[in-house]
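**Q** Encoded as structure tokens, here's the structure I'll be asking about.
The values are calculated or read from the model by the stated rules, or taken from the named source; none is laboratory data. As the structure is a prediction and not an experimental result, all values here were calculated from the model. Reconstructed Cβ throughout: ideal geometry from the backbone, glycine too, with neighbour counts over all protein chains shown.
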Amino acid sequence: MCFGRADGTVLVSATIDTLCRDPSSFAALKSLEYVQYVGTTLGVEGGKKLNLFVKLLPCIGGTEVGGYCTNFKTTARTGTTLSLARVPEPNLSHVPIKALWLEDPTRKGLFRIVGRMDDYIPLAYGEGLYASTMQQEIERHELVQKTLIGGHGQQDPVLLIETIPGVYDEGFHAGLMQSLLPYLE
């Protein structure tokens, strides 16, 4: 982005959140016209910061459909044209996506993504949880950089927490665990 003439970028939401924490990376993102995010909903912190400077666009269905490539074709008759190429799949009439939508109760016809079917973690006793929603909530904590929730088919879910580098000291673990309790209840 610093040496090219990029108008925008397509990034995984977790990468956008990480880049927003670094001043030079955030400056590079701010210089773009748009940032398109894929894979899951955009984190609240990164989204609020970037929304002031660039157009934020979701790439809905990119996980299921896959990427597409741009091709430039030059002919004597038409000159150079841009086309989008995708591997054709003649047996598919549609591609269902795994996003879960909820209609806005006050504005009919407007929807928002509330999670993904593949984010659902069924637990051994029949109930389950939506990992992405919980992960985003925990990542709002000032000392947490990233989280991962798992436990498919287990009795209890598993939570892995990556803290922000450089903030670890004596007594850090106990204090962190205590401060995370409101997020985990």
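**Q** Quick one: which strands (runs of 3 or more DSSP E) sit completely within the stretch 126-185 and have at least 3 residues that are in contact (Cβ under 8 Å) with a residue 60 or more places away in the chain and outside the structural domain of Arg21 (by TED's automatic domain parsing)? Explain how you work it out, then say what you get.
**A** Numbers: elements: 128-130, 144-150, 158-163.
Fully inside the stretch 126-185 and qualifying: nothing.
**Q** Go through the stretch 25-55 and give me each residue that's among the acidic types (Asp, Glu), surrounded by 14 or more Cβ atoms within 10 Å (Cβ to Cβ) and touching a strand residue (DSSP E or B) at 6+ places or on another chain (Cβ under 8 Å).
**A** Across the stretch 25-55, there are no qualifying residues.
**Q** Related question: Of the residues Ala27, Ala99, which single one is under 30 Å from Glu142 (Cα atoms), modelled with pLDDT under 70 and not basic (Lys, Arg)?
**A** Ala99
**Q** Looking at the stretch 76-89, is at least one residue among the hydroxyl-bearing types (Ser, Thr, Tyr), at pLDDT below 80 and outside the structural domain of Val38 (by TED's automatic domain parsing)?
**A** Scanning the stretch 76-89 turns up no residue that is among the hydroxyl-bearing types (Ser, Thr, Tyr), at pLDDT below 80 and outside the structural domain of Val38 (by TED's automatic domain parsing).
**Q** Surrounded by fewer than 19 Cβ atoms within 10 Å (Cβ to Cβ) and on the phi > 0 side of the Ramachandran plot: is that true of Gly8 in this structure?
**A** No: the conditions fail for Gly8.
**Q** Scan the stretch 102-115 for residues that are modelled with pLDDT of 80 or more and assigned to a strand (DSSP E or B) and jot them down.
**A** Residue satisfying the conditions is Glu103 alone.
**Q** Would you call Leu159 at pLDDT 85 or above and closer than 23 Å to Gly43 by Cβ?
**A** Yes, satisfied.
**Q** With the checklist (1) modelled with pLDDT under 70; (2) within 19 Å of the chain's Cα centre (by Cα); (3) among the aliphatic types (A, V, I, L, M) in hand, flag the one item Leu92 doesn't pass.
**A** It is condition (2) that Leu92 fails.
**Q** Same structure, new question: Could you please find all residues in the stretch 5-29 being more than 18 Å from the chain's Cα centre (by Cα) and not acidic (Asp, Glu)?
**A** Taking the stretch 5-29 first, the residues more than 18 Å from the chain's Cα centre (by Cα) are 5-7, 23-24, 27-28.
Correct list: Arg5, Ala6, Pro23, Ser24, Ala27, Ala28.
**Q** Could we say that Thr9 is assigned to a strand (DSSP E or B) and either in the same structural domain as Thr147 (by TED's automatic domain parsing) or of a type outside the set (A, V, I, L, M) (or both) here? Walk me through it before giving the result.
**A** Working: assigned to a strand (DSSP E or B): yes; either in the same structural domain as Thr147 (by TED's automatic domain parsing) or of a type outside the set (A, V, I, L, M) (or both): yes.
Yes; evaluated as a whole, the condition is true for this residue.
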